[in-house]
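Below is one structure, written out as structure tokens; comments come after it.
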């Protein structure tokens, strides 16, 4: 049991140094967008703010979603790293239950379980609020959140409303990082 505690502390320390959002206890279960339409959600979304994520290190983060013939969603994430190179990754998202289309699972690597992708709020045209949370050993959870927009900026009024939704879901909005969306040449379509 002692080795488990040491391993747990090492993992927690490593993740904290990367700014990851680790929390004691299980994932919260926030409500998702009731009238979510996956087809209307397709297209490019620009990241406005996010919780720290060790897999995101650049600026100008954006995601492009495309509906595939089998009903799944192609996911193409891109960002510009500090050395000017474009970092990108391809994945596939799947609606988990047709009665709750705002709850998706996304996979970027074969053989790795899907990560949750919950659309908490969107108007499909200008903003989206996405939340992801995974439980580990029923002892702690890691969560991610993204505020997205169809343009590289979003009004502060809408950002504040989305902060309120995250707070109601139990997310500490003081940990959100504003994404630099300037000088994004090379990603602009």
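A few notes on this one:
- Any hit, the range 107-122, residues being under 14 Å from the mean Cα position of the chain (by Cα), over 30 Å from residue 157 (Cβ atoms) and either modelled with pLDDT of 95 or more or in a loop (DSSP other than H, G, I, E, B) (or both): yes
- Residue check for residue 66: at pLDDT 90 or above, part of a strand (DSSP E or B), more than 14 Å from residue 146 (Cβ to Cβ) and over 16 Å from the mean Cα position of the chain (by Cα): yes
- Checked against the criterion of being free of Cβ contacts under 8 Å to residues at least 40 places away in the same chain, assigned to a strand (DSSP E or B), within 15 Å of the chain's Cα centre (by Cα) and within 24 Å of residue 39 (Cα to Cα), the range 132-145 contains one or more residues that satisfy it.
- Here residue 64 meets each of (1) in contact (Cβ under 8 Å) with a residue 40 or more places away in the chain; (2) in contact with a strand residue (DSSP E or B) (Cβ under 8 Å, 6 or more places away or on another chain); (3) more than 15 Å from residue 105 (Cβ to Cβ) with one exception, condition (1).
- Of all residues in the range 168-189, those satisfying the criterion of being out of contact with any helix residue (DSSP H, G or I) (no Cβ under 7 Å at 6 or more places or on another chain) and either surrounded by fewer than 13 Cβ atoms within 10 Å (Cβ to Cβ) or not in a loop (DSSP other than H, G, I, E, B) (or both) are 168, 174, 175, 177, 178, 182, 183, 185, 186, 188, 189.
- The single condition among (1) modelled with pLDDT of 95 or more; (2) assigned to a strand (DSSP E or B); (3) surrounded by 18 or more Cβ atoms within 10 Å (Cβ to Cβ) that residue 101 does not satisfy is (2).
- Qualifying residue in the range 46-57 (condition: over 19 Å from residue 132 (Cβ atoms), surrounded by 12 or more Cβ atoms within 10 Å (Cβ to Cβ) and at pLDDT 95 or above): no
- Residue match in the range 86-95 (condition: assigned to a loop (DSSP other than H, G, I, E, B) and modelled with pLDDT of 95 or more): no
The values are calculated or read from the model by the stated rules, or taken from the named source; none is laboratory data. Not measured: the values here are computed from a predicted model. Counting neighbours? That spans all protein chains shown, and the Cβs are built from the backbone with ideal geometry, glycine included.
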